[in-house]
There are 2 protein chains.
Amino acid sequence: MNQRFKTNSVLRISLFLLLASFCLSGQQLLAQETGKSKNTLTEQQLTVVADRIKSLGLAEEKAYEFLLRLTSVGGRLTGSPQAEEAVGQAVKLMKELGLDRVWTEPVTVNRWVRGEKEIGLVKSRKFGQHKINVAALGNSRATPGEGLEAGLVEVHSFPELEKLGEKVIKGQVVFFNQPMDRTLINPFAAYGQAAQFRVKGASAAAKYGAVAVMVRSATLRIDEHPHTGLMTYESGLPEIPAVSVATADAEKISRWLKEDPETRVFLKTSCQQLGPVVSHNVIGELTGAEYPEEIILAGGHLDSWDLSPGAHDDAAGCAVAVEALRLIKACGLKPARTIRAVLFMDEEFGGTGGRAYASSPRRAGEKHLLAIEQDQGGGVPLGLAVGKNPELLQKISPLARVLQQLGLHWVKNGGGGVDISPLVEQGSLAGTIVPDAQRYFDFHHSALDVPAAVHPRELQLQALALALTLYYFSQEGI
Amino acid sequence: MNQRFKTNSVLRISLFLLLASFCLSGQQLLAQETGKSKNTLTEQQLTVVADRIKSLGLAEEKAYEFLLRLTSVGGRLTGSPQAEEAVGQAVKLMKELGLDRVWTEPVTVNRWVRGEKEIGLVKSRKFGQHKINVAALGNSRATPGEGLEAGLVEVHSFPELEKLGEKVIKGQVVFFNQPMDRTLINPFAAYGQAAQFRVKGASAAAKYGAVAVMVRSATLRIDEHPHTGLMTYESGLPEIPAVSVATADAEKISRWLKEDPETRVFLKTSCQQLGPVVSHNVIGELTGAEYPEEIILAGGHLDSWDLSPGAHDDAAGCAVAVEALRLIKACGLKPARTIRAVLFMDEEFGGTGGRAYASSPRRAGEKHLLAIEQDQGGGVPLGLAVGKNPELLQKISPLARVLQQLGLHWVKNGGGGVDISPLVEQGSLAGTIVPDAQRYFDFHHSALDVPAAVHPRELQLQALALALTLYYFSQEGI
């Protein structure tokens, strides 16, 4: 595209006049509103607020700066020293920003460690021996110290596994090779389907006597990077080792098996459970001037997988939550209700942080009206998903219209996530500023989830939308 | 984000039942419709079509494959041998895909060549001498063979330039250092403001006796890559050399000038005008079964700047247009009106391709109802901008609803571009599948606009939306 002077002058002039008319009066009105409850924000006032958030928020890219600070710690696996260092960094950051209150709350988490880098080899009399890129799945038991070697059985579904049964499976490594369904527009839907093999595959295969499982990585790309993630064992069944394998290797192994069904695999992992340790959620807030006990929450999770610094998953969500609070404060906005950023520990390994927060005695006397979880990566924000009730959408239509100024073109029911689900069970509304996630699973849970994979401006746009949404609900309630 | 099985089962089952009910009957109905005019597509039929386009289109990423074929030629500067090679490649591709008709139409274009890589140096008695990254602006005259050296005057607006006047400017190099306004959500609006210095800066400065201009690159990033683009000379004023300078260098030079106003610059460029040559637009179509003379057009531009293979700008638009036609054909859809892909030559250097197409004697008897131009990069599609009339939006609301299945959440009035503007002047509606463009100016007109900067799936999603939109209008007319 060449020179375009597309700026719609009429629109711009109108906006200028609107701002000129409301900027001063808007500020005065907003000042009058501070600490008052029944008055609702007019759409014009909200427009002034959005413009202030936009000007301040886009001039710098602070969300990315915060993301860099958190990711500088490295991978932040639940229970690890790095995760605890991230707790300290997050507290330091929130204090530097001058939030009204900053504190931590304890969470007892499981500590699992990967141990030495995993070894994977495929062996075929026809093709020889090749190294494959594998990574133990989170929570997996290790292979025997000397590793294990067995034949491979490729399957694409649980019914297929069941049909093959013990006769075929016993003593073998089950190779779950079902790709993510790329024909689904929403990659999270495709992920949900594919991740079931990662989560439940080991016990499903152990039932028929498998000695280990190897699961195709949940990504739409074909590359050399294994994507890890949580797996669980069903009680009463042997706890067999489980690894993910890079998609490029999965494709190769599948080809080999077609031509040489005797192809075998060697796996060596040394992961361990080290038992429970105490970790922390990190919390900071702008205390509400009028209803401090009514909470509008924005959260991300501070822990990550260990294969990368977890930039998208979920330093992005943490950075956006903190930046939203900074922006609200920097814009001179004084929320009527408390706006709280919660950086949850242990989303990845069981969600204990979310449950600890919701069930803490400190919640006594607090009422969470809305909990927004940002955990779908640092992509450009597309819309706001909030609550379950269509009437809510009607009520917040002024917010929906003003979010368009920030590039978000829809507000729908929806939203949520692992960390806030205990709050939602207690009656809070759920919400999410929904980002574009077409690239998300390229990086997710793999060594590729690094800061360079996040675009500073896209991340910042999430923070703008979150700041406006939090402020709106802090003034309007639910 | 950890395991989420968010797939809404109820929705999925409903969709399955819908497809099961309509897939066969839908195909029959569509078959009956083929070649009929007055029947309009029902929303259910359109849903079936969208699902077919989605399944076929997302299983592979053909748009990206086509982009790789076009970019393999290298930079395709208007009038260059590479641009002509791209013409040949495009014809070959369209013929391979079995479009009903494929042909070229001549366009007389200007040929400008960059010559040797430009040299830029800043020289300060305080800071020494440093190399800076500069690139001649398209259409610029060269410096004298031995280069030129002069003092630097930094300006940020045309009024500032005017105020300084001849007394300050005469004999100097004017350094336009106005950054793009990052507080605008739409980067194209910010680009429009910044690009005026690139386009008109040389003549504005020459008026006061400047010997050359150096213009800050139009990008929001700070990096080492100059971004080129077209500049023009006002007649009657000296035609002084014009270069762009990388943003990192612009920042540095500005710092130097503050501490040492005597800082000088040396520039050496060897660009040349080689006069007019004949090039070509490339055109392929699926001929309408009932109204072959009524055209629904999708276009991108085949030429690019020479600093990169122009992946986003605009191999992306060409690839998406071609892939949309392939998908319509592959889905077995037979358009009532002609659907035509036009790969325009010379968008970047004056838009002669668009004018040649619109004014060609071959247009006699043809009526262009809608022309969609894709030239805003290969990002994920956000919405459809089309026409100027709000009533049109009402009429095409079924399309708007079904586009949501493909991830596009809005349809608004708008759309257009350099290449189709002559058609729009003749009465065609304009349209654009509008992509997210937050990253676009990171790459635009610089060495960074390479295939790796385009995400295959994001590009493919554009092709899906374009295919559905073209087919809809081919059946419904305007």
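The values are calculated or read from the model by the stated rules, or taken from the named source; none is laboratory data. Since we're looking at a predicted model, the values are computed, not measured. For neighbour counting, all protein chains shown are included, and Cβ atoms are generated from backbone atoms with ideal geometry for every residue, glycine included.
Residues that are among the acidic types (Asp, Glu), closer than 30 Å to residue A:64 by Cβ and outside any loop (DSSP other than H, G, I, E, B) within the range A:360-391 comprise just one, A:373.
With the condition kept exactly as written, say whether any residue in the range B:246-263 is buried (at least 18 other Cβ atoms within 10 Å of the Cβ) and either within 11 Å of chain A (Cβ to nearest Cβ) or assigned to a strand (DSSP E or B) (or both). Within the range B:246-263, not a single residue is buried (at least 18 other Cβ atoms within 10 Å of the Cβ) and either within 11 Å of chain A (Cβ to nearest Cβ) or assigned to a strand (DSSP E or B) (or both). Picking from residues in the range B:120-147 that are of a type in the set (A, V, I, L, M, F, W, C) and surrounded by 18 or more Cβ atoms within 10 Å (Cβ to Cβ), the one that is nearest to residue B:260 (Cα to Cα) is B:122.
Among the residues that make up the range B:233-242, is at least one of them over 22 Å from the mean Cα position of the chain (by Cα) and either within 14 Å of chain A (Cβ to nearest Cβ) or surrounded by 24 or more Cβ atoms within 10 Å (Cβ to Cβ) (or both)? Show your work before the answer.
Step one: list which residues in the range B:233-242 are over 22 Å from the mean Cα position of the chain (by Cα), which gives B:233-242.
Right, trim to either within 14 Å of chain A (Cβ to nearest Cβ) or surrounded by 24 or more Cβ atoms within 10 Å (Cβ to Cβ) (or both) and you get B:241-242.
Yes, the range B:233-242 has at least one match.
Among the residues of the range B:91-107, is any within 14 Å of chain A (Cβ to nearest Cβ) and closer than 18 Å to residue B:339 by Cα? Write out each step before concluding.
Going through the range B:91-107, the residues within 14 Å of chain A (Cβ to nearest Cβ) turn out to be none.
No: the range B:91-107 contains no residue that is within 14 Å of chain A (Cβ to nearest Cβ) and closer than 18 Å to residue B:339 by Cα.
Return the residue satisfying two criteria in turn: it lies in the range A:376-391 and is away from chain B (no Cβ under 12 Å) and surrounded by 18 or more Cβ atoms within 10 Å (Cβ to Cβ), and of such residues it is nearest to the chain's Cα centre (by Cα). Per the criteria, the residue is A:386. Against the definition (touching a residue at least 12 places away in the same chain (Cβ under 8 Å) and at positive phi), how does residue B:477 come out, yes or no? Yes: the conditions hold for residue B:477. Look at the range B:81-106: where a residue is closer than 20 Å to residue B:363 by Cα and a partner is assigned to a loop (DSSP other than H, G, I, E, B), sitting 6+ places away or on another chain with Cβ atoms under 6 Å, you get B:100/B:287; B:105/B:360.
Could we say that residue A:229 is in contact (Cβ under 8 Å) with a residue 40 or more places away in the chain, touching an Asp or Glu at 6+ places or on another chain (Cβ under 9 Å) and surrounded by fewer than 24 Cβ atoms within 10 Å (Cβ to Cβ) here?
On the way: in contact (Cβ under 8 Å) with a residue 40 or more places away in the chain: yes; touching an Asp or Glu at 6+ places or on another chain (Cβ under 9 Å): yes; surrounded by fewer than 24 Cβ atoms within 10 Å (Cβ to Cβ): no.
Answer is no for this residue.
Does residue B:431 fit the bill of being farther than 27 Å from residue B:135 by Cβ and within 14 Å of chain A (Cβ to nearest Cβ)? In short, no.
Only one residue in B:182, B:221 is more than 8 Å from chain A (Cβ to nearest Cβ), surrounded by fewer than 22 Cβ atoms within 10 Å (Cβ to Cβ) and out of contact with any Gly (no Cβ under 8 Å at 6 or more places or on another chain), so which one is that?
Among B:182, B:221, only B:221 is more than 8 Å from chain A (Cβ to nearest Cβ), surrounded by fewer than 22 Cβ atoms within 10 Å (Cβ to Cβ) and out of contact with any Gly (no Cβ under 8 Å at 6 or more places or on another chain).
Just one of the listed residues (A:369, A:406) is closer than 20 Å to residue A:466 by Cα, away from chain B (no Cβ under 14 Å) and modelled with pLDDT of 95 or more, namely A:369.
Restricting the range B:283-306 to residues that are among the acidic types (Asp, Glu) and part of a loop (DSSP other than H, G, I, E, B) leaves a set whose member that is nearest to residue B:424 (Cα to Cα) is B:303. For the range B:266-282, the tally of residues that are of a type in the set (A, V, I, L, M, F, W, C) and either surrounded by 24 or more Cβ atoms within 10 Å (Cβ to Cβ) or in a loop (DSSP other than H, G, I, E, B) (or both) stands at 3.
Of all residues in the range B:163-199, those being free of Cβ contacts under 8 Å to residues at least 40 places away in the same chain and not hydrophobic (A, V, I, L, M, F, W, C) number 10. Checked against the criteria, residue A:363 does not count as among the basic types (Lys, Arg), farther than 30 Å from residue A:225 by Cα and crowded, with 21+ Cβ neighbours inside 10 Å. Residue-level check: of (1) outside any helix (DSSP H, G or I); (2) aliphatic (A, V, I, L, M); (3) in contact with a Phe, Trp or Tyr (Cβ under 8 Å, 6 or more places away or on another chain), residue A:319 misses just (1). Remark: residue B:133 falls outside the filter, which requires a residue to be modelled with pLDDT under 95, at negative phi and not acidic (Asp, Glu).
In summary, helices (runs of 4 or more DSSP H) completely within the range A:8-105 and bearing 3 or more residues that are modelled with pLDDT of 95 or more and surrounded by 13 or more Cβ atoms within 10 Å (Cβ to Cβ) occur at A:43-59, A:62-71, A:81-96.
Residue count for the range A:179-216 satisfying the condition of being basic (Lys, Arg), within 18 Å of residue B:405 (Cα to Cα) and more than 22 Å from the chain's Cα centre (by Cα): 0.
Within the range B:341-349, can one find any residue that is assigned to a strand (DSSP E or B), in contact with a Phe, Trp or Tyr (Cβ under 8 Å, 6 or more places away or on another chain) and either surrounded by fewer than 20 Cβ atoms within 10 Å (Cβ to Cβ) or not basic (Lys, Arg) (or both)? The answer is yes, given that some residue of the range B:341-349 is assigned to a strand (DSSP E or B), in contact with a Phe, Trp or Tyr (Cβ under 8 Å, 6 or more places away or on another chain) and either surrounded by fewer than 20 Cβ atoms within 10 Å (Cβ to Cβ) or not basic (Lys, Arg) (or both). You will find that of B:215, B:122, B:174, the residue that is within 15 Å of residue B:245 (Cβ to Cβ) and within 14 Å of chain A (Cβ to nearest Cβ) is B:215 and no other.
Selection of the range A:399-451 for residues being touching a strand residue (DSSP E or B) at 6+ places or on another chain (Cβ under 8 Å), within 24 Å of residue B:183 (Cα to Cα) and not β-branched (Val, Ile, Thr) yields A:399, A:400, A:403, A:406, A:407, A:408, A:409, A:410, A:435, A:436.
Restricting A:333, A:343 to residues that are within 19 Å of the chain's Cα centre (by Cα) and within 14 Å of residue A:285 (Cα to Cα) narrows the list to A:343.
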